[in-house]
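Asks: Handing you a structure now.
Coordinate-derived values only; no laboratory data. Note that the structure is predicted; figures quoted are calculated from it, not measured. Reconstructed Cβ throughout: ideal geometry from the backbone, glycine too, with neighbour counts over all protein chains shown.
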Amino acid sequence: MDDIPPVAHGFVRISLRLPKGSSYTPGDLASRAGIEAEALGFIAVAGLEALVDVRAERGKVARIALEKLGPTRLDGWTWQWLRLGLGRNHGLSIGQLKRIMQNVDAMPLGRIHIQNTHSLVGLQDFKMGGVLARLAGLRVNGFASRPEALPPGQGPGNAAYLGSAREH
């Protein structure tokens, strides 16, 4: 697959390995993605490999649907650090932080660093705006959360949680 355009902002790319002997067209993959046409972007098929670009917020649905055709891999999510003005000195625990993040629809989370005075949480870039808005007035254990997004590339390394040889 030569001359593949880069993943557009707000989209993710799903790489799909097609079964031997199959002959899917981009239209076939678009209909099998299980999402509306407006959420689809670039689609290419070359031999037994296919690339399907979808809006990031619909990526999970499309990946589950396309996984029925063959193994998939998700590319294009970028992770960013969320800084909260809450830490161990404020009585924040890892369980409490995860519950807060779940309530503000921040899942899945990337890496988490709870320091004494603040915490850093890896979030997917397309979720950052909504999470910041939901956290803006939140108080935890009587302390204001004071959320802010660190600029891309700043913070202690990669914000994505890579696990043990696990791909996102």
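Asks: What does the extension gain come out to for Y161 and A37, with contour length at 0.36 nm per residue minus their alpha carbon separation? Spell out each step's value before the answer.
Replies: Details: separation 124, 0.36 × 124 = 44.64 nm, distance 3.07 nm.
Value of the extension gain: 41.6 nm.
Asks: Next question. Using only the Cα atoms of the stretch 66-132, build the gyration tensor, take square roots of its eigenvalues as a ≥ b ≥ c, and label the shape rounded, prolate or oblate: rounded if a/c is under 1.5, else prolate if a/b is larger than b/c, else oblate.
Replies: Working: a/c = 2.63, a/b = 2.34, b/c = 1.13.
In terms of gyration-tensor shape, prolate.
Asks: Another question about this same structure. Under 5 Å between amide hydrogens, which residues at least 5 positions from L86 or on another chain qualify, with H placed 1.01 Å from N in the peptide plane?
Replies: Excluding prolines and chain starts, which carry no amide H, the hits are S119.
Asks: By how many nm would the segment from K98 to A8 lengthen if fully extended, with 0.36 nm per residue of separation less the alpha-carbon distance?
Replies: That pair, K98 and A8, stretches by 29.4 nm at full extension.
Asks: Which peptide among 118-126, 86-94 comes first, and what is the full order, when sorted by highest mean count of other Cβ atoms within 10 Å? Mind dumping the intermediate values first?
Replies: Numbers: 118-126: 20.6, 86-94: 15.9.
The densest-packed peptide leads the list: 118-126, 86-94.
Asks: A further question follows. Label points 7 Å out from Cα along the Cβ direction at H113 and T78: separation in nm?
Replies: 2.0
Asks: Here is a further query. Determine the calculated [θ] at 222 nm for the chain from helices alone, applying -39500 (n - 2.57) to every DSSP H run no shorter than 4 residues and normalising by the residue count; nearest 500 deg cm²/dmol.
Replies: Working: 4 runs with 33 residues, N = 168.
The helix contribution divided over the chain gives -5500 deg cm²/dmol.
Asks: Rounded if a/c is under 1.5, else prolate if a/b beats b/c, else oblate: with a ≥ b ≥ c from the C-alpha gyration tensor eigenvalues square-rooted, which is the stretch 1-111?
Replies: Values: a/c = 2.94, a/b = 2.58, b/c = 1.14.
Cα axes put the stretch 1-111 in the prolate bin.
Asks: In nm, to one decimal, how far is the modelled label at A149 from the one at A44, with both set 7 Å along Cα→Cβ?
Replies: For the pair A149/A44, the computed spacing is 2.8 nm.
Asks: Tell me the relative contact order for the stretch 70-168 as a rounded percent, counting alpha carbon contacts under 8 Å between residues six or more apart. Before the final figure, lay out the partial values.
Replies: Details: 164 pairs, mean separation 39.5, N = 99.
Relative contact order here is 40 percent.
Asks: Taking the Cβ of H90 as the center, what net charge do the other residues with Cβ under 11 Å away carry, scoring Lys and Arg +1 and Asp and Glu -1?
Replies: Working: positive: R88, R139, R146; negative: none.
Counting the neighbours of H90, the net charge comes to +3.
Asks: Could you tell me which of rounded, prolate or oblate describes the stretch 2-58, using a ≥ b ≥ c as the square roots of the eigenvalues of the alpha-carbon gyration tensor, with rounded for a/c under 1.5 and, failing that, prolate when a/b is larger than b/c and oblate otherwise?
Replies: Numbers: a/c = 2.24, a/b = 1.40, b/c = 1.60.
Oblate, since a/c reaches 1.5 and b/c is not below a/b.
Asks: Which whole-number value in Å³ per residue fits the convex hull of the alpha carbons of the stretch 41-168? Could the numbers behind the result be given before it?
Replies: Working: hull volume 16.2 nm³, N = 128.
Here the figure is 127 Å³ per residue.
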